[in-house]
1. Do you know which residues across segment B:99-124 are more than 22 Å from A:Lys159 (Cα to Cα) and not polar (S, T, N, Q)?
2. Can you name every residue in segment B:153-194 that is modelled with pLDDT of 95 or more and at positive phi?
3. Give segment B:53-87 a look and list any residue that's in contact with a Lys or Arg (Cβ under 8 Å, 6 or more places away or on another chain) and within 16 Å of DNA strand D (Cβ to nearest atom), or say none.
4. Among B:Glu92, B:Glu74, B:Glu31, B:Glu13, which is the only one that is touching a Phe, Trp or Tyr at 6+ places or on another chain (Cβ under 8 Å) and surrounded by fewer than 18 Cβ atoms within 10 Å (Cβ to Cβ)?
5. If you scan segment B:171-194, which residues turn out to be assigned to a loop (DSSP other than H, G, I, E, B), within 23 Å of B:His101 (Cα to Cα) and among the charged types (D, E, K, R)?
6. Take A:Val82 and decide whether it is under 25 Å from A:Phe134 (Cα atoms), within 16 Å of DNA strand C (Cβ to nearest atom) and either hydrophobic (A, V, I, L, M, F, W, C) or assigned by TED's automatic domain parsing to the domain that holds A:Tyr185 (or both).
7. Just the residues that are of a type in the set (Ser, Thr, Tyr) and within 11 Å of DNA strand C (Cβ to nearest atom), please, taken from segment A:1-42.
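The values are calculated or read from the model by the stated rules, or taken from the named source; none is laboratory data. Here the structure is a predicted model, which is why all the values come from computation and not from measurement. Using ideal geometry, Cβ is built from the backbone for each residue, glycine included, and neighbour counts are taken over all protein chains shown.
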There are 2 protein chains.
Amino acid sequence: MDKRQQLVACAFELFYCHGIHAVGINQVLQEAGVAKKTLYHHFSSKDALIEAVVAYRHQEFKNWLISRIQASGEGLLAVQGVFAALDDWFHERDPMMRPFHGCFFIHASGEYANPEHPVHQRCADHKQSIKQLFADILDQVGATPEQVRQGADTLALLKEGAIVQAHVCGELDAGRQAGQLAMTYLKQLGVQSE
Amino acid sequence: MDKRQQLVACAFELFYCHGIHAVGINQVLQEAGVAKKTLYHHFSSKDALIEAVVAYRHQEFKNWLISRIQASGEGLLAVQGVFAALDDWFHERDPMMRPFHGCFFIHASGEYANPEHPVHQRCADHKQSIKQLFADILDQVGATPEQVRQGADTLALLKEGAIVQAHVCGELDAGRQAGQLAMTYLKQLGVQSE
DNA sequence: CCCAAAGGAGACAGATCGGTCTACCTTGCT
DNA sequence: AGCAAGGTAGACCGATCTGTCTCCTTTGGG
């Protein structure tokens, strides 16, 4: 078994549930069943572990969303697929993404509020990367560059809003709500659905 | 000068910039220029201070938004006023709300991800309270109860999305974007302007 | 005038933090 | 067989954390 991967996955679980600063190294070690020396063999410091955790979650989340998009059909069905995926995430219906405690990157950006901090920047990179997925979808259905730009911005905004509403207020149906808003918006923007 | 208020205001600044768990009591004391005994005279523990900080920011933010709403005119102009206020907040143009580092309650909910934690619940209460302001606006322009419910939910979602986009990704124009989405949505919902 | 309340400065305790270290064990390659 | 790499268990270090404590000063009402 890969101890490094084990450490990262376990650290993510704890950071995600309790926050990054609230979780100590020893807690991670105990939960992962790994010796301290092993951790410091793979990572130079706690900060290095944190960066690895952010990168790990980025890949995990992005891959999950891509697979959900690909499973949802052609054209604007992909957009509906995105928000259906959010809906499953919030309701913890997708075993790949359990449990739901909000967006790890929003939380991390809160703990590293300075935009110049490396962790904050990685979080921004993640959001940008997800927004690019939205742009790709819109591009693929023949939207103009301007429609792609505005549409991706809007879908991203709706997604973030839904995540916050679901986590902070417990409004688990925010995913469906955002999905309806998204479809209405795209129709009004003039993007052709198939 | 009221030492208690001074402590709370100063703790908020630090918590808002660096996160709650990352800021120690001694840091708050030094910044506020207050002795440790004074802090523990007013608060039984750090947790009690945190709760006071959350309550303080709730009042501050709510009062600010109400004043901005009242200054923006009648009817749906109030909705435009809300998103203009967000726009000013993000761009740090309103001296009352400087600096901008995202939403304190979203950050706090991230550090206390368990929805049953008192801090998390206070954050949910805050969001609910702000949503009620939206509902009041819609009610005042003669929207039906169903329109009020859906409309307030949607405005809240757009607001949260804009805050996250502005803070995490640095998209400071997300407030204006969300405002345009809001006006389009309300028109499409059938809420009469004026 | 007097005394209690509020505050200042800071030592102190006990716990926990991140990080280093020693000593020993397993594994796989040559 | 032998040896290096990666791992375990946990003592240990200095720093920092929350919270308590003592001693002293200021202040304001009766």
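1. At the first step, the residues of segment B:99-124 found to be more than 22 Å from A:Lys159 (Cα to Cα) are B:99, B:116-119, B:121-122.
Scanning segment B:99-124 gives B:Pro99, B:Glu116, B:His117, B:Pro118, B:Val119, B:Arg122.
2. Scanning segment B:153-194 gives a single hit, B:Gly170.
3. Within segment B:53-87, the first condition is being in contact with a Lys or Arg (Cβ under 8 Å, 6 or more places away or on another chain), and the residues that meet it are B:54-55, B:58, B:81-87.
Hit for segment B:53-87 is B:Val54, nothing else.
4. Working: B:Glu74 fails: touching a Phe, Trp or Tyr at 6+ places or on another chain (Cβ under 8 Å); B:Glu31 fails: touching a Phe, Trp or Tyr at 6+ places or on another chain (Cβ under 8 Å); B:Glu13 fails: touching a Phe, Trp or Tyr at 6+ places or on another chain (Cβ under 8 Å).
Answer to the check: B:Glu92.
5. Scanning segment B:171-194 gives B:Glu171, B:Asp173.
6. Considered against the rule, which asks whether it is under 25 Å from A:Phe134 (Cα atoms), within 16 Å of DNA strand C (Cβ to nearest atom) and either hydrophobic (A, V, I, L, M, F, W, C) or assigned by TED's automatic domain parsing to the domain that holds A:Tyr185 (or both), A:Val82 comes out as no.
7. Across segment A:1-42, the qualifying residues are A:Thr38, A:Tyr40.
Listed here are the residues, each with its yes/no results for (1) surrounded by fewer than 18 Cβ atoms within 10 Å (Cβ to Cβ); (2) away from chain B (no Cβ under 13 Å).
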| residue | (1), (2) |
| --- | --- |
| A:Lys127 | no, no |
| A:Gln132 | yes, no |
| A:Ala135 | no, yes |
| A:Leu138 | no, yes |
| A:Ala143 | no, yes |
| A:Thr154 | no, no |
| A:Lys159 | no, no |
| A:Val168 | no, no |
